[in-house]
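The values are calculated or read from the model by the stated rules, or taken from the named source; none is laboratory data. Fair warning: this is a prediction, and the values are worked out from it, not measured in the lab. Counting neighbours? That spans all protein chains shown, and the Cβs are built from the backbone with ideal geometry, glycine included. Quick note on the areas: whole protein, heavy atoms, side chains included, nothing else; ligands and nucleic acids left out. Shrake-Rupley method; radii C 1.70, N 1.55, O 1.52, S 1.80 Å.
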Amino acid sequence: MKRIAAAALTLLLGHGSALALTIEFDYSFDTRGFFTDPVTGAAITERRAVLDLAASFYSGFADALAAIEPQAGDSWSVSFTHPSLGGPALTVVDQVIAADTVRIYVGGSASAPGVLGFANTGYNLQASGSASFVDAVLARGQENALGAGASDYATWGGMIWFNAANDWYFGASESGLGSSQSDFLSTAIHEIGHILGFGTAASWTALLDGGYFHGAASMAEYGGPVPVDRYGVHWAEGVMSLVDGRAQETLMDPSTPAGQRQLPTALDYAGFVDIGWQVSPVPEPQTYAMLLAGVALLAARHRRRAADLCGPLQTGAA
Ligand SMILES: [Zn+2]
């Protein structure tokens, strides 16, 4: 019942006004040494480079996101969990975010094993001032991105916390990934996906019914309604699709086995199409080809699985 990879991804090409999405990472709350040397303050460039590589898997995304630029009389703020769990919840005020850009505050710290990380777009988002400014903060100037009947998605950005207790593999090539290691690239792509609305957008929720996701592109890719997890924020555990024609468990199911690299499948990308992104089928040819060259066969034996906390923590309570 499954179709050829990328068949669903061409549905929304051709919108002339859309521009490529830029994801910018902010390390200013990385206070526990995950991406920043805590002694010298120097960037841990190897780790940050893999985070940038993760973002490149969304470089084929396009939309028309208004800039958030407070003028006299305008103000906005949003609160979110400290991305290093290094203190109480944070509130950022009157940040400037460029057009077609989302900002993600990142960090990490050690926590209970079995958890890879979590991400969200914060809570208590507030804006005041001109109507166009308020609309830019809440909906990035997009129509029908808010509320129960939403068909599009927009966000200012969000936060990601990574669990430093894992034995992370920070390589770009899969060849060095150990069988008991957690692949940082896989987890980073997954968590960015939640900030881009997967499982979280009003336009996602609008397409859920009875434990299945009914988006047109996803159903075309999967061959029918797609089962979701019990929180309705991922595909169901173990849902399969294709990466470049090869079978792989979906990246946006709840967990990733140790020792495995999972990349966005055709069904994962179709989910993003359904919530309002314009998705090009080839994110970034050179990087993508380099990565795919290293993708090994799926492991046949059972491995420890680790999940993220996207469901229970999605409301962002600190
Ligand atoms: Zn998740």
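General remarks:
- Considering residues of the range 176-230 that are more than 15 Å from the ligand (Cβ to nearest atom) and touching a Pro at 6+ places or on another chain (Cβ under 7 Å) only, the residue farthest from F61 (Cα to Cα): G211
- Remark: F25 falls outside the filter, which requires a residue to be within 16 Å of the ligand (Cβ to nearest atom) and assigned to a strand (DSSP E or B).
- Members of the range 123-149 found to be of a type in the set (G, A, S), within 20 Å of the chain's Cα centre (by Cα) and modelled with pLDDT under 95, listed by number: A145
- Meets criteria (closer than 12 Å to A270 by Cβ and at pLDDT 95 or above) for V233: no
- Pick from the range 244-254, criterion in contact (Cβ under 8 Å) with a residue 60 or more places away in the chain and open to solvent by less than 10 Å² (accessible area, probe 1.4 Å), ranking: nearest to the ligand (Cβ to nearest atom): M252
- Test: residue in the range 275-284 that is farther than 17 Å from H194 by Cβ, at pLDDT 90 or above and not in a loop (DSSP other than H, G, I, E, B): yes
- Conditions (1) surrounded by fewer than 23 Cβ atoms within 10 Å (Cβ to Cβ); (2) modelled with pLDDT of 95 or more; (3) within 18 Å of L53 (Cβ to Cβ); number of the one not met by G178: (3)
- Residue pairs whose Cβ atoms lie under 8 Å apart, sitting 6 or more positions apart in sequence or on different chains, and linking a residue in the range 178-190 that is closer than 13 Å to R47 by Cβ to a partner that is of a type in the set (V, I, T) and modelled with pLDDT of 95 or more, are F184/V50; L185/V50; A188/V50; A188/I160.
- Screening the range 70-108 for residues that are of a type in the set (D, E) and out of contact with any helix residue (DSSP H, G or I) (no Cβ under 8 Å at 6 or more places or on another chain) and picking the one that is most open to solvent (accessible area, probe 1.4 Å) gives D94.
- Answer residue from the range 156-175, given it is more than 16 Å from the ligand (Cβ to nearest atom) and open to solvent by less than 10 Å² (accessible area, probe 1.4 Å) and is nearest to the chain's Cα centre (by Cα) among those: G157
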